[in-house]
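The values are calculated or read from the model by the stated rules, or taken from the named source; none is laboratory data. The structure displayed is predicted, hence computed values, not measured ones. Ideal geometry is used to build each Cβ from the backbone, glycine not excepted, and the neighbour counts take in all protein chains shown.
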Amino acid sequence: MSGEVIARLAMSLDGYIAGPLSGREHPLGVGGERLHSWVFGLRTFRRMQGLEGGAGGWDDELLAEFVERPGAVVMGHGMYVTGEIPWGEEPPFHLPVYVVTHHPRESVVKKGGTTFHFVTEGPERALELAREAAGDKEVSLAGGADLVQQFIRNGWLDELLLHVVPVLACGGRRLFDDVGHEHIEWRKTQVLDSPEVTHIRLRRVDTPV
């Protein structure tokens, strides 16, 4: 739906979306690549990297859907800092990206349609700008964990697609560590299982299907 906020995150069985010591040296945290290895051979992922071939199936269909739905992206400063070098001159977003930060700077234009805009007025302002840019499409919440938690606490996240990977991270960045003390209820709208990952699609109970 137009203006809705969606997030797609890979998570370990013990609730981590990044391994320990995540930062410039280890963008996904130590061992964090295990949470994403299922995606590397998929057709859609390879196409995003400018490569041909790859596998189809449920995993690829879900990834393709979440690539097509958004018209803009919101992310935290930490995610931008850790991803800036690995993403290179042509980041995988191909959309305007609004980075929530305390560090003002000029927008950064990259190849392939990605422009990073740095928003110092807080996450709500970043969401407003992303919705304006997205038009009749949705807004993708890219992360990291702190920003996702803020969106959940404020009721701004409409749909969450979790890719639950059968590994134990045993440390790192947990997705649901700080989401407040009020009761938060989601409903499952889809569960798909493949050998490497289980996909669980959730929507807030007060959000229409």
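Scanning segment 103-129 for residues that are part of a loop (DSSP other than H, G, I, E, B), more than 15 Å from G78 (Cα to Cα) and of a type in the set (G, A, S) gives a single hit, S107. Could you tell me whether segment 36-50 includes any residue that is touching a residue at least 24 places away in the same chain (Cβ under 8 Å), among the hydroxyl-bearing types (S, T, Y) and surrounded by 20 or more Cβ atoms within 10 Å (Cβ to Cβ)? Checking segment 36-50: not a single residue is touching a residue at least 24 places away in the same chain (Cβ under 8 Å), among the hydroxyl-bearing types (S, T, Y) and surrounded by 20 or more Cβ atoms within 10 Å (Cβ to Cβ).
When restricted to residues that are over 14 Å from G171 (Cα atoms) and either out of contact with any helix residue (DSSP H, G or I) (no Cβ under 6 Å at 6 or more places or on another chain) or exposed (fewer than 15 other Cβ atoms within 10 Å of the Cβ) (or both), segment 8-22 contains 1. The set of residues in segment 130-159 being under 20 Å from G19 (Cα atoms), surrounded by 18 or more Cβ atoms within 10 Å (Cβ to Cβ) and in contact with a strand residue (DSSP E or B) (Cβ under 8 Å, 6 or more places away or on another chain) consists of L141, A142, G143, G144, A145, L147, V148. The condition of being modelled with pLDDT of 95 or more and of a type in the set (G, A, S) holds for only one of G88, G180, G122, G171, that being G122.
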